[in-house]
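What follows is one structure encoded as structure tokens, with my remarks underneath.
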Amino acid sequence: MTLDQILRQRLDERRRRNLYREVKTLDSVPGPLARVDGRELLAFSSNDYLGLATRPEVISAQQAGAELGAGATASHLVNGHLQIHQQLQHSLAEVTGREAALVFSSGYMANMGTLCALLGRADTMISDKLNHASLIDGARLCGANSLRFPHNDLEGLHRQLQRAAGRGGNILVAVDGVYSMDGDLAPLAEIAGLCREYGAWLMVDEAHGFGVMGSGQLPLAGSCAAAGLGQSQAPVVMGTLGKAAGNAGAFVAGSRALIDYLVQFARPYIYTTGMAPAVAAGCVAAIDLMRSEPQLARRLEGNIEYFRRRAAQQSLPLTDAPGAIQPLLIGCAETVMTVSAALERRGFMVGAIRPPTVPAGTARLRITLSAAHSHSQIDALLDALATVLRENHAVRL
């Protein structure tokens, strides 16, 4: 068979199983209203948790940053590191309570680059089974012995730590702080305690925690700060800048030694053109707003509480997710697509998540909330959701 014949065959199989993905084309970033194919939709599918992607201050800063040059022109080490990158890294270190930070072009590259730099064949990586794809692929590529434990199962983690300790070498435990498809939190304090017992390093992916949760002293630092973990308990922290910061790129934060080491050995950092100056400038402005307007995070918290209370009043079957990601499990991939399409016809854009992104039989609507949503918009979604689910017999209400 030719290459195209094989590819068409595989694509047809994915369509047959209702797993084929299609890309929506938007006229502009939803804020939270979006125009799709000439229609205005209310978006509950964006990770722009604080509404910063459309803030004039961020957009103006990004426009001004472009005056420094359209691109960095080379890797950070060759010719691409500018003062604006340095300023961004300093801000990220301050916000996360770490000694230093290093920017990457994406969270995927940050995770893979960090894992491959820190681990080798003599080492062991232990992962939660529901980790993000970038951590899964990093585990595959780094060459270390890879072990997994059931989602948020501390006993399972304990068993794998015992196995790894008997093997020798360094041990790294990698988890999401907030899980991107389930919206639940890792029990980080307990995980850190087990890591301390076995001398393992803890790496936390803060993609969905950075900027929206933290502690009194570090309100934006993420789930590690919320769990009371400092740099010594969680020595490797990755965060993204395309979610709460409303922009693009990612970072790793930790000790000065960790960051210096990654500059020397993280291949996706060394061999990739540096972050565009405009993006770095936009991120700096977003972080400044996050710090100067704590009411944004409080407004998001209020919207989450309001959504969950109103959903309970309508008997909608939500999970126990405490944050901005609110999954509604449906199970069947075909049904979740039907429900998502029906919501779109009513003017709402809600993500339909199917395998292989989530395990078979757990297809879901992934409802994401923002500080930019109003209570009336949330009410409108919930009313439409209850009607559509009832009409399609998707869940028992």
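The values are calculated or read from the model by the stated rules, or taken from the named source; none is laboratory data. Every value quoted in this text rests on a predicted model; they were computed, and no experiment measured them. Note that each Cβ is placed from the backbone with ideal geometry, even for glycine, and that neighbours are counted across all protein chains shown. These accessible areas exclude ligands, DNA and RNA; they are computed on the full protein's heavy atoms, side chains included. Shrake-Rupley method; radii C 1.70, N 1.55, O 1.52, S 1.80 Å.
Quick one: is Leu258 touching a Lys or Arg at 6+ places or on another chain (Cβ under 8 Å), surrounded by 15 or more Cβ atoms within 10 Å (Cβ to Cβ) and of a type in the set (A, V, I, L, M)?
So Leu258 fails the test.
Just one of Leu52, Leu92 is within 30 Å of Arg140 (Cα to Cα) and either in contact with a helix residue (DSSP H, G or I) (Cβ under 8 Å, 6 or more places away or on another chain) or open to solvent by 50 Å² or more (accessible area, probe 1.4 Å) (or both); which is it?
Leu92
Evaluate region 305-313: report whether one residue or more is outside any helix (DSSP H, G or I) and at pLDDT 95 or above.
no
Conditions tested, residue by residue: (1) under 29 Å from Phe265 (Cα atoms); (2) open to solvent by less than 10 Å² (accessible area, probe 1.4 Å).
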| site | (1), (2) |
| --- | --- |
| Leu41 | no, yes |
| Ser60 | no, no |
| Gly65 | yes, yes |
| His81 | yes, no |
| Ala110 | yes, yes |
| Leu115 | yes, yes |
| Gly120 | yes, no |
| Met125 | yes, yes |
| Asp137 | yes, no |
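State the number of residues belonging to region 322-334 that are closer than 28 Å to Arg21 by Cβ and either without any contact (Cβ under 8 Å) to a residue 60 or more places away in the chain or out of contact with any helix residue (DSSP H, G or I) (no Cβ under 7 Å at 6 or more places or on another chain) (or both).
So the count comes out to 8.
Residue by residue, here is whether (1) assigned to a loop (DSSP other than H, G, I, E, B); (2) among the charged types (D, E, K, R); (3) touching a Cys at 6+ places or on another chain (Cβ under 9 Å) holds:
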site	(1), (2), (3)
Ala34	no, no, no
Glu40	no, yes, no
Asp48	yes, yes, no
Ala64	no, no, no
Thr73	yes, no, no
Val78	no, no, no
Gln86	no, no, no
Glu94	no, yes, no
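Condition check: more than 17 Å from Thr273 (Cα to Cα), charged (D, E, K, R) and either out of contact with any helix residue (DSSP H, G or I) (no Cβ under 9 Å at 6 or more places or on another chain) or open to solvent by 50 Å² or more (accessible area, probe 1.4 Å) (or both). Does Arg167 satisfy that?
yes
State whether the residues of region 54-64 include one that is of a type in the set (Ser, Thr, Tyr) and either under 30 Å from Arg346 (Cβ atoms) or in contact with a Phe, Trp or Tyr (Cβ under 8 Å, 6 or more places away or on another chain) (or both).
yes
Looking for something more than 17 Å from Leu135 (Cα to Cα), touching a Pro at 6+ places or on another chain (Cβ under 7 Å) and aliphatic (A, V, I, L, M) - is there at least one such residue anywhere in region 255-277?
Within region 255-277, one or more residues are more than 17 Å from Leu135 (Cα to Cα), touching a Pro at 6+ places or on another chain (Cβ under 7 Å) and aliphatic (A, V, I, L, M).
Could you please give the count of residues in region 335-356 that are within 15 Å of Glu22 (Cβ to Cβ), in a helix (DSSP H, G or I) and of a type outside the set (Ser, Thr, Tyr)?
Selection size over region 335-356: 4.
Under 6 Å by Cβ, and 6 or more places apart or on different chains, what pairs join a residue from region 253-269 that is farther than 19 Å from Tyr108 by Cβ with one that is surrounded by fewer than 16 Cβ atoms within 10 Å (Cβ to Cβ)?
Ser255/Glu99; Arg256/Glu99
For region 211-287, which fully contained helices (runs of 4 or more DSSP H) count at least 2 residues that are under 17 Å from the mean Cα position of the chain (by Cα)?
Answer list for region 211-287: 223-226.
Where the second residue is open to solvent by 60 Å² or more (accessible area, probe 1.4 Å) and not in a helix (DSSP H, G or I) and the first is more than 16 Å from Gln87 (Cα to Cα) and in contact (Cβ under 8 Å) with a residue 40 or more places away in the chain and lies in region 52-69, which pairs have Cβ atoms under 7 Å and are six or more apart or on separate chains?
Ala53/Val29; Thr54/Val29
Of the residues that make up region 216-235, is at least one in contact with a Lys or Arg (Cβ under 9 Å, 6 or more places away or on another chain), farther than 24 Å from Glu293 by Cα and of a type in the set (A, V, I, L, M, F, W, C)?
No, every residue in region 216-235 fails to be in contact with a Lys or Arg (Cβ under 9 Å, 6 or more places away or on another chain), farther than 24 Å from Glu293 by Cα and of a type in the set (A, V, I, L, M, F, W, C).
What are the residue pairs meeting all of these: first residue in region 292-321, first residue surrounded by 16 or more Cβ atoms within 10 Å (Cβ to Cβ), second residue among the acidic types (Asp, Glu), Cβ atoms under 6 Å, and 6 or more apart or on different chains?
Ala321/Asp184
Report yes if some residue within region 114-129 is part of a helix (DSSP H, G or I) and modelled with pLDDT under 95; otherwise report no.
Checking region 114-129: not a single residue is part of a helix (DSSP H, G or I) and modelled with pLDDT under 95.
Go through (1) open to solvent by 30 Å² or more (accessible area, probe 1.4 Å); (2) in contact with a His (Cβ under 9 Å, 6 or more places away or on another chain) for Leu381 and report which single condition fails.
Here Leu381 meets the rest and fails (1).
Identify all residues within region 130-160 that are aliphatic (A, V, I, L, M) and in a strand (DSSP E or B); write none if there are none.
Matches in region 130-160: Leu147 only.
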